[in-house]
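The values are calculated or read from the model by the stated rules, or taken from the named source; none is laboratory data. Just so it is clear, the structure is predicted and the values come from calculations on it, not from any experiment. Please note: Cβ atoms are built from the backbone with ideal geometry, for glycine as well, and neighbour counts cover all protein chains shown. Side chains included, ligands, DNA and RNA excluded: accessible areas come from the protein's heavy atoms. Shrake-Rupley method; radii C 1.70, N 1.55, O 1.52, S 1.80 Å.
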Amino acid sequence: MIQIESIHKSFEGKEVLKGISSTFENGITNLIIGQSGSGKTVLMKCIVGLLLPEEGHILYDGRDFVSMKKKERKLLRREMGMIFQSAALFDSMSVLENVMFPLDMFSGYTYRDRVRRAQFCLDRVNLIDAQDKYPGEISGGMQKRVAIARAIALNPKYLFCDEPNSGLDPKTSLVIDDLIHSITEEYNMTTIINTHDMNSVMGIGDKISFIFEGHKEWEGTKNDVFTSTNERLNNFIFASDLLRKVKDVEVGNIEG
Amino acid sequence: MFITKSINTFGSYLMLMGKVFARPERMRSFFKQYTKEMSQLGVDSIGIVLLISFFIGAVICIQIKLNIQTPWMPRFVTGYTTREIMLLEFSSSIMCLILAGKVGSNIASELGTMRVTQQIDALEIMGVNSANFLILPKIAALVTMIPFLVTFSIAAGIIGAYATGWFANVINPEDLTYGLQYSFTEWFVWCGIIKSLFFAFIIASVSSFYGYTVEGGSIEVGKSSTNAVVHSSILILFSDLILTQLLTE
Ligand SMILES: Nc1ncnc2c1ncn2[C@@H]1O[C@H](COP(=O)(O)OP(=O)(O)OP(=O)(O)O)[C@@H](O)[C@H]1O
Ligand SMILES: [Mg+2]
């Protein structure tokens, strides 16, 4: 479980995060949604410690990340896995070496065990056949899956995904979403996902936080989305005609 | 304005170096990176070093023989001058300037690309000290390899000088041998090597700094690689001035 309390962050006097508080439970997929530029990536970078917030607390199962000593923070980092918007695989290493990298650095396993563990993770994302390829030789969707395998190699407690399915076709997006969702349940991880993909919202939105211009505008589950009367949320989610029609049908189902 | 900016840059450079010089997380991965960088930065530069030094050695010999030496000068002049130019300046300073172009841009663009594609962030998230993991092997590898490159450069320059005698009859090889051995000071070889160690450190650390601190996209990566070459060249020339004073006083 991760709790954040009144996170503030500004860049050169421009306030990007204006005091965001929320709780992200384990075993479910927590979504952060919001328009482009609303501050989702900045919020996630603050949570994982790539950016330092000016104010606020970030509690990892009660452990305060912001005021933590450098050494403790480093140890906590080993419990985190992150999937970046651009996959961020190391180009100089093969797929297998990428997944093995965190194991090489931090596990005490023997070489054979590390290979076995990496292959297990690659198998989990159905990419065992691509283990000898290099990141430049595989498709974007496959890169994302390798990134997932690398992120789960050390059995993290916390998984962060920044727009895991940006730039992917709807079908591949579903595969990635399902993968993240099932891994989260399987290992009881605390998973936070940034997205503006409505399929993800409807599919794996166990809990959704809607960020609007740097503050939390709304919070709820994917079912609450349909009955919400929050105007900004409705304008954001049901922006297209198609989705407005879907909403009418869903609301009819719920009421009927 | 310019001064505050320079002081700022120098401060961030020092802070980065503070992160770089730490005990590596895993010695095994450090040595793996170290050997990889030795091959990429050092061994892959041998070709260009030999090529350029060979031609410069030959050209210096021809220039001096044809344009400077006159019949009433002693016969050692050409060999002696060629040797001293190679030892004192070319094989250390000028060669490092050339390497600043080749190796510096390589380092800066590699690290810059890793930065903008979030590979460095990915390392940080895992709890790896990315500056230490990426930069220390580069600095160590270039500093290890540079004495070899200097030595190769000196040798190639001398072979270049002989080539003008053997193939073009510019100079009599016996005169050249006599000149090359005339009043030889071993210390000058060490001077070249000592200077080159400093230059190697400058090239690797300054280029890493510009690459590692890129913000933005491909345009910034390009700029950082230019900055890396320009600034390491300037620093090499400047420190050459100081080191030459100190070492040959
Ligand atoms: N390093 C930075 N320096 C200055 N401003 C920044 C920086 N990073 C982000 N910002 C600003 O913060 C705001 C929020 O950016 P952020 O990347 O969090 O948006 P986002 O919600 O992730 O958008 P998207 O959905 O397009 O990824 C933007 O206005 C951006 O200009
Ligand atoms: Mg973003």
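Any residue that is more than 16 Å from ligand 2 (Cβ to nearest atom) and either open to solvent by 80 Å² or more (accessible area, probe 1.4 Å) or within 14 Å of chain A (Cβ to nearest Cβ) (or both) - is there at least one of those in segment B:203-210?
no
Can you find a residue that is without any contact (Cβ under 8 Å) to a residue 24 or more places away in the chain and at negative phi anywhere in segment B:193-208?
No: zero hits.
State all residues of segment B:124-151 that are hydroxyl-bearing (Ser, Thr, Tyr), touching a helix residue (DSSP H, G or I) at 6+ places or on another chain (Cβ under 7 Å) and either more than 14 Å from every other protein chain (Cβ to nearest Cβ) or crowded, with 24+ Cβ neighbours inside 10 Å (or both); if no residue qualifies, say none.
Result: B:Thr144, single match.
Six or more apart or on different chains, Cβ atoms under 8 Å: show the pairs whose first residue is in segment A:172-198 and within 27 Å of A:Val42 (Cβ to Cβ) and whose second is open to solvent by 70 Å² or more (accessible area, probe 1.4 Å) and more than 16 Å from ligand 1 (Cβ to nearest atom).
Close Cβ pairs (under 8 Å, with a partner that is open to solvent by 70 Å² or more (accessible area, probe 1.4 Å) and more than 16 Å from ligand 1 (Cβ to nearest atom)) amount to A:Met189/A:Lys157; A:Thr190/A:Glu25; A:Thr190/A:Lys157.
Could you tell me which residue of segment A:54-78 is surrounded by the most Cβ atoms within 10 Å (Cβ to Cβ), considering only residues that are of a type outside the set (A, V, I, L, M, F, W, C), facing another protein chain (nearest Cβ under 9 Å) and within 18 Å of A:Ile4 (Cα to Cα)?
Taking the candidates together, the pick is A:Arg77.
Can you name the number of the only condition in (1) among the hydroxyl-bearing types (Ser, Thr, Tyr); (2) more than 16 Å from ligand 2 (Cβ to nearest atom); (3) more than 26 Å from A:Ala153 (Cβ to Cβ); (4) part of a loop (DSSP other than H, G, I, E, B) that A:Ser36 fails?
It fails just one condition, (2).
Criterion first (within 16 Å of ligand 1 (Cβ to nearest atom) and either under 29 Å from A:Gly141 (Cα atoms) or in contact with an Asp or Glu (Cβ under 9 Å, 6 or more places away or on another chain) (or both)) does A:Gly205 satisfy it?
Judged against the criteria, A:Gly205 is not a match.
Which of (1) of a type in the set (Gly, Ala, Ser); (2) open to solvent by 10 Å² or more (accessible area, probe 1.4 Å); (3) within 14 Å of chain A (Cβ to nearest Cβ) is the odd one out, the single condition B:Gly112 does not satisfy?
Evaluating B:Gly112 over (1) of a type in the set (Gly, Ala, Ser); (2) open to solvent by 10 Å² or more (accessible area, probe 1.4 Å); (3) within 14 Å of chain A (Cβ to nearest Cβ) leaves (2) as the failure.
If A:Leu43 meets every condition in (1) at pLDDT 90 or above; (2) within 16 Å of ligand 2 (Cβ to nearest atom); (3) within 12 Å of another protein chain (Cβ to nearest Cβ) apart from one, which number is that one?
Going through (1) at pLDDT 90 or above; (2) within 16 Å of ligand 2 (Cβ to nearest atom); (3) within 12 Å of another protein chain (Cβ to nearest Cβ) one by one, A:Leu43 breaks only (3).
Determine whether A:Gly81 is within 14 Å of chain B (Cβ to nearest Cβ) and closer than 30 Å to A:Asn199 by Cα.
Here the answer is yes, as A:Gly81 does meet what is asked.
Quick one: how many residues across segment A:10-23 are surrounded by fewer than 22 Cβ atoms within 10 Å (Cβ to Cβ) and either in contact (Cβ under 8 Å) with a residue 40 or more places away in the chain or more than 8 Å from ligand 1 (Cβ to nearest atom) (or both)?
9
Taking the options A:Ser182, A:Ser200, name whichever one is more than 14 Å from chain B (Cβ to nearest Cβ), open to solvent by less than 70 Å² (accessible area, probe 1.4 Å), within 16 Å of ligand 2 (Cβ to nearest atom) and over 15 Å from A:Phe24 (Cβ atoms).
Sole residue among the options that is more than 14 Å from chain B (Cβ to nearest Cβ), open to solvent by less than 70 Å² (accessible area, probe 1.4 Å), within 16 Å of ligand 2 (Cβ to nearest atom) and over 15 Å from A:Phe24 (Cβ atoms): A:Ser200.
Can you confirm whether A:Val125 is more than 16 Å from ligand 1 (Cβ to nearest atom), away from chain B (no Cβ under 14 Å) and open to solvent by less than 10 Å² (accessible area, probe 1.4 Å)?
Considered against the rule, which asks whether it is more than 16 Å from ligand 1 (Cβ to nearest atom), away from chain B (no Cβ under 14 Å) and open to solvent by less than 10 Å² (accessible area, probe 1.4 Å), A:Val125 comes out as yes.
With (1) in contact with a Phe, Trp or Tyr (Cβ under 8 Å, 6 or more places away or on another chain); (2) among the aliphatic types (A, V, I, L, M); (3) more than 16 Å from ligand 2 (Cβ to nearest atom) as the list, and A:Met142 as the residue in question, which single condition is left unmet?
The single condition A:Met142 does not satisfy is (1).
Search segment A:114-134 for residues that are within 13 Å of A:Ala149 (Cα to Cα) and pair each with any residue that is open to solvent by less than 10 Å² (accessible area, probe 1.4 Å) and part of a loop (DSSP other than H, G, I, E, B) when their beta-carbon atoms are under 6 Å apart and the residues are at least 6 apart or on different chains.
What qualifies is A:Cys121/A:Ala153.
Go through B:Gln69, B:Gln63 for me and flag whichever is at pLDDT below 95 and open to solvent by 70 Å² or more (accessible area, probe 1.4 Å).
B:Gln63
Among (1) over 27 Å from A:Val16 (Cα atoms); (2) open to solvent by 10 Å² or more (accessible area, probe 1.4 Å), where does A:Val99 come up short?
Tallying (1) over 27 Å from A:Val16 (Cα atoms); (2) open to solvent by 10 Å² or more (accessible area, probe 1.4 Å), A:Val99 fails exactly one: (2).
So which residues in segment A:88-99 are away from every other protein chain (no Cβ under 11 Å) and either in contact with a strand residue (DSSP E or B) (Cβ under 9 Å, 6 or more places away or on another chain) or not hydroxyl-bearing (Ser, Thr, Tyr) (or both), if there are any at all?
Result: A:Val95, A:Leu96, A:Val99.
Pick out the one residue from A:Gly37, A:Gly62 that is within 16 Å of ligand 1 (Cβ to nearest atom), modelled with pLDDT under 95 and over 16 Å from the mean Cα position of the chain (by Cα).
A:Gly37
Being surrounded by fewer than 17 Cβ atoms within 10 Å (Cβ to Cβ) and away from ligand 1 (no atom under 16 Å from the Cβ) is the filter; apply it to segment A:147-173 and report the residue that is nearest to the other protein chains (Cβ to nearest Cβ).
Selected residue: A:Asn155.
Could you tell me which residue of segment A:84-126 is farthest from the chain's Cα centre (by Cα), considering only residues that are of a type in the set (Val, Ile, Thr) and not in a helix (DSSP H, G or I)?
So the residue we want is A:Thr110.
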